[in-house]
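Shown next, in structure tokens, is the structure this report addresses.
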Amino acid sequence: MPLDVHNGLSLMDACCSQCNHKIERPCKDYITCRVNGPLCHKDVECKERRLRRISEIRNGKGGVKITVGMGSCGLAVGAGEVYHAIKKEVKQRGLEVSIVPVGCMGLCYAEPLVEIRKDGLPHAIYSKVTPENVGKILDEYLNNGDVSNAFALRSRTGNARGENKVPLLEEIDFYKYQVKWVTRNCGIINPESIEEYIAHGGYLGLNRTLKLSPGEVIEEVKRSGLRGRGGAGFPTWLKWDICRKAQGEPKYVICNADEGDPGAFMNRMLAEADPHRVLEGLIIAAYAIGATYGYIFVRAEKALMAERLEKAVDEARRYGFLGKNIFNSGFNFNVEVVRSAGAFVCGEETAMLAAIEGRRAMPRQRPPYPATHGLFGKPTTINNVETLAHVATIMAEGWEKFARYGTERSKGTKVFCITGCAKRTGAAEVPIGTTIRELIFKIAGGIREGRKFKAVQIGGPSGGCLPESALDLPIDYESLTSAGAIMGSGGLVVIDDSNCIVDVARFFTTFTMAEACGKCLPCRAGSKILYDTLSRIIDGGGLEEDLEVLENVSKFMKDASLCALGQTAPNPVLTTLKYFREEYEAHINEKRCPAKVCKKLLNYTIDKDVCIGCGLCAKNCPVEAIFKDIDGKYYIDAERCIRCGQCSMACPRGAVVKR
Amino acid sequence: MVRVIIDGKEATVEDGTTVLEAAKKLGIEIPTLCYFPNVFEEATCRICVVEDKKTGKMIPSCAFPVSEGLNVETNNERVRSDRKLALEVILAIHKIKCQSCPRKGGRCELLVLCKEYGVEGIPVCAECPLHEEDCLLANGEVCLGPLTVAGCDGICMHSNRSCEGCRGPIMRTDVIKEAVKLYSSHGITLENILVKLGRYYSSSPYYDSVVKVIAQFFNKNNKNEWFDEGDE
Amino acid sequence: MKIAIYKFGSCSGCTIEMLNLSEDLLKMVYNKEVEVVFSTLLGADEKCENYDISLIEGAIVSEGDVATIKDIRRRSKILIAMGSCAVLGGVPGLRRFTNEDEVKSVYVEDYSEHKYFSEAMPVSRFVKVDYYVRGCPMNRYELLSLLEKILQNVWFKQEERRFPFIREKTLDIEGTALSLDGEKCITCGRCVKVCQEIVSAIDYINRSIETTVSTPFKVKLDESSCISCGQCTLYCPVGALKERSSVSEVQRLLKSGTRLTAYVEPEVLAALGEELNFDKRISGIAVAALKKLGFEKVILWRPQVTVRMQDNLTIIPSSEAEAIYIQRFHPELSKYMIEPPKIDSSSVVWITSCLARKLSRGLILTTRELIRLLSTLDFGILTEKSFDEVKLNELNFKTNKAVGIQEVERILMSVNDGRLREGAIELYICNRGCLYGGGQPYLRPEITMKREGLLAQILSSTEEEKRGSLGIMEALF
């Protein structure tokens, strides 16, 4: 991804020869000097140049900035082509404007997103942009000042045409209920530029941290009430404190960027859109515990995330944010990005340590905990990407602003990803304690296309499926456990009535079965037994005792597994059994799938009252299972039928009935 | 020194002692399978799990160091039912091939555990002291050992007599399949088996259903239809 | 607990077996833990409306029986079916395969009066059975153990295992001296851990249920870094890793009357003693046992090597394992190495604690295999015999002994460094020596503890006490 270079002086460089700061002789005011400087010497022109530069970054060249959402979500639906189309159009028109690639705003359902701002006009966001309509958008906005086709506006200035017909971003349902605390820069800044991060207030947290003692930093995080956002919810300050007090040198910090839950992309979004915030948090964490070396452990499959983090680390190192005596504080710290070999279990702390050490990634029995005996036997702290982003923001803004949100025991905000059968899918940051109903029905707009809500899977494959009755539960670290689910890392998969719940349970079990590391007995064998039993139920071979087997084996896995992967793997099975037992029983006792999904349990028949004898069904049947009856109407031979559904799709009258 | 409570009894042990070792000091034996002191302490088999009364979690006693005030129960219903299921699961990944196993004849740790926790499904071959050429099948006798539920310590075989199947047959198809393979390789036919089987296991419809399964496997064997598709 | 014993179609053998528990049962009665309140055989008939435990012997063979068993069930908290008749139908069921008319002609009066069934049915066909004790007669110790569990309120549920074999692909790894049977492997990890300390020839591969133990790229053991030391076979809890057995061959030779001589190592005797819980008579008993099996001569032997006295370095591998170790990991030192000990004779069976010897020619039996050969012998009736020959000569020059992988590496490093340039080095790769060799009987923690204790005793005993003994073996007992 080529950087769109703003010509001229970079904020990161020395403004003139009078500047004190050098890499070999770092200056403790370097960070504040980028934006408020120059501080080491008085020069009106240098200051003006800095301010102009900041303005150019924030407002674009000549006051015009076009940003294109280039997160994985956008790229997947063609944002790359849109970006090139814009560059071409701009060049053709001979315009001098800034075209900036940015990360994902969370409005994944509306991608590709393009935002244009021009001095005097409202910032306009266009959604589902294609290379073809790029020209039209530029004409409308730049030439005619017309925003009537925009998806949303950030503000209203009173000078644009069609302004009042377009909603403000903060008014649309998806955005209204959000609090953009850690995701404030997502979709705003170029993630591959440390300069942009700084121009938007970045690294102020680190700046403040280096002027405090590690104890004071821990105290600030303690007051904020921040708990680990990876799912376990351990108080961040306590983890740091234990590690800080533990014996052993060197100490390590690790950023867990191995987000592996299917349907979860909170960390990916953050790291792709604002990687420096995460890195800042990591440096602060290292300072607090006294670590000298750090790792960012990234899932290799999330290649763009890995790339952005690597670039961020490189840039940070280049400008002295990493290395020896960082900004003359006496603090040494270096970071290495490690790409994992691809296993969900690597998200488990001790398995991750094994992977970084070069061994097979299998967890080990704890205690001792990584905080005292971690990487290479030394005290190690492992924090989630989102946790670190919070850390950076808390140190910059102050703990009170964070603690304002959330509940008594779970302070602050959390990013949730809503996927599945919802109208609007994407990532949303809300205060902890928001109810499931609010997330799904207000923010995500409810179920798509007039189908009905059935269940929601929260917390990835470790979580549980909750039914309608649980919709008003607040999502925090505690409230969901009594219902059988966990908040987890924040992924929600919405399930509607077109899905078979037994099939859903099997889907999640397939995942955990494939990802079991193989070390302990309950997980590797138990997940296979669950999978086999569920498959048999789906294929019509279910027996009465199967439900008991599912419950017993699930209980065994929960009790006896070595690590959290095995202990939480049976949650989808247990919760679906608890809340949707009738569906299981229908599969077993009646050999019927109420959602009409499980192929082997479906019976396709032709309603003779509706059939007009056109024979299209028979022509489309791949196994020749449909025959003409004496009365001229058609019938399906159930023995030969493979339940593919082709006849149903071919019938012009809808005479094929699925039961 | 750390104070712990195991099954209601108190003990004071050194820091770093595992729950297993602390229990041993109190005379409480916790069963293990994969554990071997100073050689292997990774807690992969989960047989040694005990219940931590305070947290409500199950912990592997061979690898868990004691902490002050730890209170565990080593033999209650939850612990025993978890151990029982662990054994059932182990037998689902361990093919029953007792007749040729080096550990048969009193050295099978799985059998000892299964007897204690009520898991049936290991054949008498596991208890039989007659190895290789001494095996009665190799001497042309119709021994029902490969089909019969273990638990008698192989008493008949100790006197060089073949197993008569008095403890009843094992109903698992994977065991019956292996048994039929074994019989066929020694030239023993279905008829030979049925003569002995009906002596103790005579009642219908149980007899008829197990005979059906055995006959099915003999049939497959005769037609060389041993496709390895797994067991029904 | 009030116990009732009921008898249906059976021989009373199970009740008599129960009485054979003698002291164990009497103790329970004296401690007022149990009380037999009803048994026709024992003449006990207290009028009790309800029982805590009913022990049922015999198959249900008539209509009357059905009514009775249902009544007993109603009045019993726990119902236990004892013996094959009650559990399966048993011998009375043979009537099914007979001619009913013939039977009727003999038992004509009883037949119609009692409305006999044409077959014998298990108790579980009519009522719920809480526990069962199998066997004909039942295994009385199983009943005892069951009663103890009931008295102590220990949770116990009898059930045939519910899951079929769930693995789809398994992997066998072959080798000359040993092999891994993938179907039996439960992936406990012991072998991997143990091998990591030595040569790391095996490790886990794959994930999830497919996880199994393998050599790199699934090559044969001989092509990997495996040195056939056999420590993995010693620790495998399920017999998936095992030596290539020579038991059948020896059995056949002995049966056909071939004249064989057994060469036995001292460590074998020591281990045998542990296994058979014997005291100091072990040597005599072992010889007697071998002779009973059919061996013509039994010789106690410490493996001999022929060494030419040289001025420069001589490396003496105690077995093929050490020889392969040097060839593979320190090839530059091969030139100093002599051949490991071997026996070249087709009438000798070498009984050894070392699994690697299986790589040499000839008939090799490990201690474990010997125990399998001896498992049918009754040691109580054997009279001690003495060895035909004892060849325990020490080498007539001084050697540096390196015992255990760490020591072996250390000493070889010192050769490489040039610090050690002359003399003889004996290499023993198994940690703590041949007593812990790969062919020794399966270990239990108690055995290792006892060994360590006794070895400590030997090391602290005087030279006088050590001299004249047969080394480790006698000292252990």
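FYI, it's all coordinate maths here, none of it is from the lab. Keep in mind that what you see is a predicted model, and the values were worked out from it rather than measured. Here the Cβ positions follow ideal geometry from the backbone for every residue, glycine too, while neighbour counts run over all protein chains shown.
A few points about this structure:
- Highest to lowest packing among A:24-37, C:226-239, scored as the average C-beta count within 10 Å: C:226-239, A:24-37
- Mean residue ellipticity at 222 nm, helices only, chain A: -10000 deg cm²/dmol; runs of at least 4 DSSP H residues each add -39,500 (n - 2.57), and the sum is divided by the number of residues.
- Computed from backbone phi with θ = phi - 60° and the Karplus coefficients 6.51, -1.76 and 1.60, the 3J(HN,Hα) list for region A:594-599 is x, 8, 6, 10, 5, 4 Hz; x is used for glycine and proline.
- The calculated 222 nm mean residue ellipticity attributable to helices in chain C amounts to -9500 deg cm²/dmol, summing -39500 (n - 2.57) over DSSP H runs of n ≥ 4 and dividing by all residues.
- Alpha-carbon geometry of region A:413-496: the Rg and the Dmax are 11.2, 33 Å, given in that order.
- Net charge dipole size for chain C [Lys, Arg +1 and Asp, Glu -1 on Cβ; Debye, nearest 20]: 680
- Other-chain or far-sequence residues with amide H under 5 Å of A:Leu168's (modelled H): A:Leu153
- Computed extension gain for A:Tyr177 through A:Asn159, at 0.36 nm per residue and net of the alpha carbon distance, reaches 3.7 nm.
- Counting Cβ atoms of other protein chains within 10 Å of each residue's Cβ and taking the mean over peptide C:139-148 gives 2.
- Residues of region C:320-347 with amide N under 13 Å of a point placed 7 Å along Cα→Cβ from C:Asn416: C:326-334
- Shielding by other protein chains, A:561-572, mean Cβ within 10 Å: 1
- Three-way shape label, chain C, alpha-carbon gyration tensor, a/c 1.5: prolate
- The antiparallel fraction among DSSP beta bridges confined to region A:194-403 stands at about 10%.
- For the pair C:Glu63 and A:Ala14, label points projected 7 Å from Cα toward Cβ lie 11.5 nm apart.
- Subtracting the Cα-Cα distance of A:Asp119 and A:Lys401 from 0.36 nm times their residue separation leaves 98.4 nm of extension gain.
- Residues in region A:218-244 that a label on A:Glu408 would reach, taking backbone N under 19 Å of a point 7 Å out along Cα→Cβ: A:223-227, A:235
- Surrounding net charge for C:Ile343, when Lys and Arg each add one and Asp and Glu each subtract one, Cβ distance under 15 Å: +2
- Order by protection proxy (mean Cβ within 10 Å, highest first), peptides C:150-159, A:301-310: A:301-310, C:150-159
- The label-point distance for C:Lys291 and C:Glu394, in a model that sets each label 7 Å from Cα toward Cβ, rounds to 3.1 nm.
- At R0 = 25 Å, FRET efficiency that the Cβ-Cβ distance of A:Arg451 and A:Leu471 yields, to 0.05: 0.95
- For the protein assembly as shown, DSSP calls about 45 percent of its internal beta bridges antiparallel.
- Proximal charge balance of A:Ala312 [Cβ under 15 Å; K/R count +1, D/E count -1]: -3
- Cα gyration tensor shape for the protein assembly as shown, rounded if a/c is under 1.5, else prolate or oblate: oblate
- Amide H contacts for C:Leu313 (H built 1.01 Å from N in the peptide plane; partners 5 or more residues away or on another chain; cut-off under 5 Å): C:Gly423.
- Multiplying the residue separation of A:Glu585 and A:Asn149 by 0.36 nm and removing their Cα-Cα distance gives an extension gain of 151.8 nm.
- Pair A:Asp629, B:Ser204: separation of 7 Å Cα→Cβ label points (nm): 4.2
- Computed from the Cβ-Cβ distance with R0 of 22 Å, the FRET efficiency linking A:Glu249 to A:Asn325 stands at 0.75.
- Cα centroid separation, region A:299-314 to region B:58-120 (Å): 45
- FRET E, pair C:Asp344, B:Arg161, Förster distance 35 Å, beta-carbon r, rounded to 0.05: 0.25
- For region C:247-476, a simple Cβ point-charge model (Lys and Arg +1, Asp and Glu -1, everything else neutral) yields a dipole of about 520 debye relative to the Cα centre.
- Antiparallel %, DSSP beta bridges [both residues in chain A], to 5: 55
- Legend: mean number of C-beta atoms from other chains within 10 angstrom of residue C-beta atoms, peptide C:165-172, equals 5.
- Annotation: peptides A:257-267, C:248-258, A:232-242, ranked by per-residue average of other Cβ atoms within 10 Å with the highest first, follow the order A:257-267, A:232-242, C:248-258.
- Distant-in-sequence amide H partners of C:Leu79 (H built 1.01 Å from N, under 5 Å): C:Ser54, C:Asp130, C:Tyr131
- Tensor-based shape of region C:247-476 (alpha-carbon gyration tensor, a/c under 1.5 rounded, otherwise prolate or oblate): prolate
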